[in-house]
Amino acid sequence: MKTIKGIPVSEGIAIGRDIVYRKEKIKVKKKKINPDQVKAEIERFNQAISKELKEIQDIIDNYLHNEKEKELISSYILILKDPLLEEKVIKMINESNYTAQYALKLYLQEITESFAKMTNKYLSERFSEYEDVIARVIDHLNGNDNHSEDEVFNNNKEGDYIYVLDDISPSQVAKHYQGIAKGFCLAKGSKTSHTAIISRALGLPVVVGLENLFNEIQTGDELLLNGHTGEVVINYDKATLKKYRSILEEESRQNAELEKTINIPARTADGKKIPLYCNIEIEQEVDTVIRKKADGIGLFRTEYLFIDRDDLPQEEEQFQVYRNIAEKMKDKPVIIRTYDLGGDKIAGTTKHKQENNPFLGCRGIRLSLKKPQIFKTQIKALLRANIHGNIMVMFPMISSPDEVSESIKIIEICKEELKQNKTEHNPNIKIGAMIEIPAAVFCIAELAKMCDFFSIGTNDLVQYTLAADRINKDVERYYNPYHPAILKMINITVANAHRFNRPVSICGEIASDPDFIPLLLGSDIDSLSLNPASVLAVKKKILDTRYDEAKETVRKNMKNNAFKKQD
Amino acid sequence: MTKKKIIVKNRLGLHARPCALLVKTASRYRSDLIIKKDNIEVNGKSIMGVMMLAAEFGSELQLVANGVDEDYLINEIEELFESKFGED
């Protein structure tokens, strides 16, 4: 048995046998035709191009709904209609009498070489997509109209499988999921990929970013796929299978149980109301938030608008996303956190600068203040979208009041510029700070003079307080949210913020840890923000907890300096 | 024949998106468009050709259009570069 871990992008659990399909490097034999076949061969080439054009159009018309996605895919059409492609391939068929496949392969080789020579990584990045498009034309020429990937699905119509692939297109997920696929393990992909979005809509568990998966998994292995945690268990033993089976059973039992609380507001057994907000990363997650009847969005991580792309999101694009979310949430609060990224993740910024300690480096608000143009674009989009709902803005990585006052100055400049351009916007926007750097805990009073609300980001607060990297396996045991220092910091933050009547929320992972809930309630936290999937489970825990007892637990924990979970 | 020298003004250079925009625009005209950079010369209606220029921020390009609507073509392409392809 072996367990590997990737990025969970679509929730659920799948148990089953896998099918591994690794896309081969394009293999085309050098082959010649008779000179009298030239005309027919050119005709065959043109037909293959038309076929592929039709398939791309089909994907655009039937599977994509967002203009940006459509624009991206429509550049494939330009590749297929490229006069250079036509000219070179036809010339090779004419003069050297090569088959169309072989001519295409040579063409691909030629451009691969010129792309490889480019020194600007940024300009050569998109090349793999071009390769895919050409490879699909070669598939058609080889008589594989279904493409080699489709064949995998068509040959395995019986039974449920977990597919192990390099990547899969959204159209293929939509086409093949019914009845034959239980889930996907992908080497590539990201949470924001179209494939992930469609999989979530269809309820198929998917784990991506399993870089080493072809070395770890062989066809026929028995797999357990956990779309909640990103774990993939290969050739599981009986005990693990039992565990997963019981998780599955427990999930369906619990879901039925939890659904009953959906219309009840979250309050403790003795009556203290605790609004439950959601953390989201992409626009589409709002639907789940609404379905779970959460009280608002407590954290929209906007960095997903910025990564995995080779340009910056423009004001209009950002405005549309923020507006859509605000409109869907009606009057409920939507807290939008300005992008929390290091410079290496943002297109066009200093890529060459490798930081020795990125977590202590120029990220979050620090990058925003260093690159005010990018920051202003985001702020303006927020102010404009604020007409359509109840938007609040929150800054990440605040370590002192200076960053807040500088950011507020920029917000004021943005308001002024929007006003001068007569652009519709709502200047009344509440401002909040993430409390995730220990220093911020100790200047809450000063921050409270400028901020309307706070949200404790426990993931980073724990990491910075305990000097333990969250993703380094060797220091896992030092990354302990139950360390008494954390509980003390939460209490200092809340007590000081409340002196100025500023509410405090928690938006880290501990907000969805049922064992931690009593400690948070007892610390007088005003609200919680968690991932949409955990809303009902956390609500259940709150309904079962007494506020007065929770306060007592916190008091005891602080007194005893308890390092462990309390029973 | 109309010629025009232009500078790449968008910070990210001619990456996939601006290339696509350029080619789409050029393809709407009947005139031919050649783009030259240093000693490379490509067809302005070929996405692969334009990509292969690897034109970064600040590169100088020469546009050469030839045909019935060459002036309009050059003007519109120049506007694209001036507007930084809607970026920055």
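Summary table
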| quantity | calculated |
| --- | --- |
| Estimated FRET transfer efficiency (A:ILE410, A:GLN47; beta-carbon r; R0 51 Å; 0.05) | 0.35 |
| 3J(HN,Hα) from dihedral phi, region A:241-248, Karplus parametrisation 6.51/-1.76/1.60, rounded to Hz, x for glycine, proline | 4, 4, 4, 5, 4, 6, 4, 4 |
| Alpha carbon convex hull of region A:213-293, projected area averaged over orientations, nm² | 8.4 |
| Whole-Å distance, taken between Cα centres, linking region A:349-422 and region A:478-492 | 29 |
| Mean-position separation - Cα centroids, region A:264-333 and region A:520-567, in angstrom | 23 |
| Computed [θ] at 222 nm, helices only, for the protein assembly as shown once each DSSP H run of length n ≥ 4 contributes -39500 (n - 2.57) | -14000 deg cm²/dmol |
| Selection of GluC sites (Glu not before Pro), region A:357-437, meeting DSSP coil and at most 14 other Cβ within 10 Å | A:GLU424 |
| Under 5 Å, built H, 5+ apart or other chain: amide partners of A:ILE456 | A:ILE435, A:SER505, A:ILE506, A:CYS507 |
| Relative contact order of region A:355-428, defined on C-alpha pairs under 8 angstrom at six or more residues apart (%) | 40 |
| Nearest 10 degrees, 0 to 90: helix B:16-27 Cα axis against chain B principal axis | 10 |
| Nearest-ten-degree value, helix A:535-544 long axis tilted from longest Cα axis of chain A | 20 |
| Percent of beta bridges antiparallel (DSSP, the protein assembly as shown, rounded to nearest 5) | 45 |
| Label-point separation, A:LYS2 to A:MET558 (7 Å along Cα→Cβ), nm | 4.9 |
| Cα-based Rg of the protein assembly as shown normalised by 2.2 N^0.38 Å, two decimals | 1.08 |
| Coordinate range along principal axes, alpha carbons of region A:396-455, Å, largest first | 41, 17, 17 |
| Table column - 3J(HN,Hα) (Hz), region A:431-441, Karplus curve with 6.51, -1.76, 1.60, x for Gly and Pro | 10, x, 10, 7, 9, 9, 10, x, 4, 5, 4 |
| Overall Cα dimensions of region A:493-564 - principal axes, largest extent first, Å | 33, 29, 21 |
| Gain upon complete extension [A:GLU249, A:ASN142; 0.36 nm per residue less C-alpha separation] | 33.9 nm |
| Low-density loop cleavage sites - trypsin sites (Lys or Arg not before Pro) in region A:382-490, where at most 15 other Cβ are within 10 Å (DSSP) | A:LYS422, A:LYS449, A:ARG470 |
| Helix A:38-62 axis, angle to chain A major axis (alpha carbon atoms, nearest 10°) | 20 |
| q = 0.23, 0.24 Å⁻¹: log10 I(q)/I(0) that the Debye formula gives for region A:35-141, counting C-alpha atoms only | -1.25, -1.30 |
| Zero-based 5 Å bins, Cα pair distances in region B:2-86, whole percents | 3, 17, 31, 31, 15, 3, 0 |
| Amide hydrogen neighbours beyond the local backbone of A:GLY230, cut-off 5 Å, H modeled | none |
| Other protein chain Cβ atoms within 10 Å, averaged over every residue that makes up B:18-31 | 2 |
| Gain upon complete extension [A:ARG477, A:ASP237; 0.36 nm per residue less C-alpha separation] | 83.8 nm |
| Relative contact order, percent, region A:35-141 [alpha-carbon distance under 8 Å, six or more residues apart] | 38 |
| Mean Cα-pair separation over length for chain A, i.e. relative contact order, pairs under 8 Å, 6 or more apart, % | 14 |
| Gain upon complete extension [A:GLN420, A:ARG22; 0.36 nm per residue less C-alpha separation] | 137.6 nm |
| Backbone N within region A:210-245 under 20 Å of label point (7 Å from A:ASN459 Cα along the Cβ vector) | A:210-211, A:226-232 |
| Cut-off under 5 Å, modelled amide H: who pairs with A:LYS371 long-range | none |
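Each reported figure results from applying straightforward, stated rules to the coordinates on display, with no laboratory input. Computed from a predicted model, the values in this text were never measured in an experiment. Cβ sites come from the backbone with ideal geometry, for glycine too, and all protein chains shown count toward neighbours.
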